[in-house]
Amino acid sequence: MTVPVFRFAPSPNGHLHLGHAYSALLNQQMAGETGGRLLLRMEDIDRERCTPELEATMQEDLRWLGFNWETPVRRQSEHFEVYRVSLDKLIHMDLVYPAFLSRNDIKHAVQKATAENRVWPHDPDGAALYPLSDRTLSPSERAKRMNAGRAFSWRLNMDRAMEHVSQTLFWNETGNTIQARPLDWGDVIIARKDMPTSYHLSVVIDDALQGITHVVRGKDLFHATSIHRLLQHILGLEPPIYHHHALILDQDGQKLSKSRKDTALRSLRLEGMTPQQIRERVGL
């Protein structure tokens, strides 16, 4: 019988807040109820914002909270070569392409379309979809720009990827079958020029390599699971069972931020709040 494996996977780019506490403790509770294992992963591919100091603070706060995990901790920044293998596979399959447009370029394209009374599509998170112009660049033009040092990202050609899959994808949401809708996201970033991965690519690879059977995370990542199911299918990775829990919101009903000190575990600790009070505050 397969032992369930859960994971809590924060990014060490700020201090943990009440929302992180809820997610970590819920993972621990569900692992305990199922006799499962519990892992901690640091999703630190952003080497500018993620620091060892912030990771150390996170681990200290988690221990104070009563969150216990298996060692060693997996750090994504130590496994770029693993992600590069999958990126090279996608490049070889001709499912990704170098995309050169900046955020300002995208913004101007949207403004132009709006001025012409054309509706520009947006992804489930509200961001404008990437223009399709870079898809049609000739190999020589792509090579010219890359050799000139132009900044670029590797983006998934979503239409070609869906043709490659040629079937409807689903995922298991704690007993419910959910149809994946990758096309809603357009040509998402898979990797960058100076970093051979992105959140979407590294998370599916890590979940597979670590044998994660249950992904318990916030509802804000529910729609992104469509991208993850697509990548899992293309790369031949076994999908886990998903559980997207409700978010802990602030007093204005907004999603918590790592920049908000009033909900940071570190600040609440200094105010004298106990781990048990944290559990009660988040409803566990």
Next item on the list: For region 226-236, state whether one or more residues are at pLDDT below 95 and within 23 Å of Ala128 (Cα to Cα).
Entry: no
Check: Only one residue in His92, His164 is under 17 Å from Leu201 (Cβ atoms), outside the structural domain of Leu270 (by TED's automatic domain parsing) and exposed (fewer than 11 other Cβ atoms within 10 Å of the Cβ), so which one is that?
Finding: His92
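Within region 147-198, track down each residue that is among the β-branched types (Val, Ile, Thr), over 19 Å from the mean Cα position of the chain (by Cα) and in a strand (DSSP E or B). Before the answer, list the steps.
Initially, region 147-198 is screened for residues among the β-branched types (Val, Ile, Thr), giving 165, 168, 174, 177-178, 188-190, 197.
Then drop every residue that is not over 19 Å from the mean Cα position of the chain (by Cα), which leaves 165, 168, 174, 177.
Matches in region 147-198: Thr177 only.
Of the residues Gln111, Gln76, only one is modelled with pLDDT of 95 or more, under 21 Å from the mean Cα position of the chain (by Cα) and of a type in the set (S, T, N, Q); which? Spell out the reasoning first.
Numbers: Gln111 fails: under 21 Å from the mean Cα position of the chain (by Cα).
That would be Gln76, the only listed residue that is modelled with pLDDT of 95 or more, under 21 Å from the mean Cα position of the chain (by Cα) and of a type in the set (S, T, N, Q).
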Next item on the list: Out of Gly211, Gly236, Gly175, report the one residue that is farther than 28 Å from Ala99 by Cβ and exposed (fewer than 14 other Cβ atoms within 10 Å of the Cβ).
Entry: Gly175
Next item on the list: Can you tell me which residue within region 15-63, out of those that are aliphatic (A, V, I, L, M) and in a loop (DSSP other than H, G, I, E, B), is farthest from the chain's Cα centre (by Cα)?
Entry: Leu16
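The values are calculated or read from the model by the stated rules, or taken from the named source; none is laboratory data. This structure is a prediction, so every number in the text was calculated from the model and none was measured. Because the Cβ atoms are built from the backbone with ideal geometry, glycine has one as well, and the counts that use them run over all protein chains shown.
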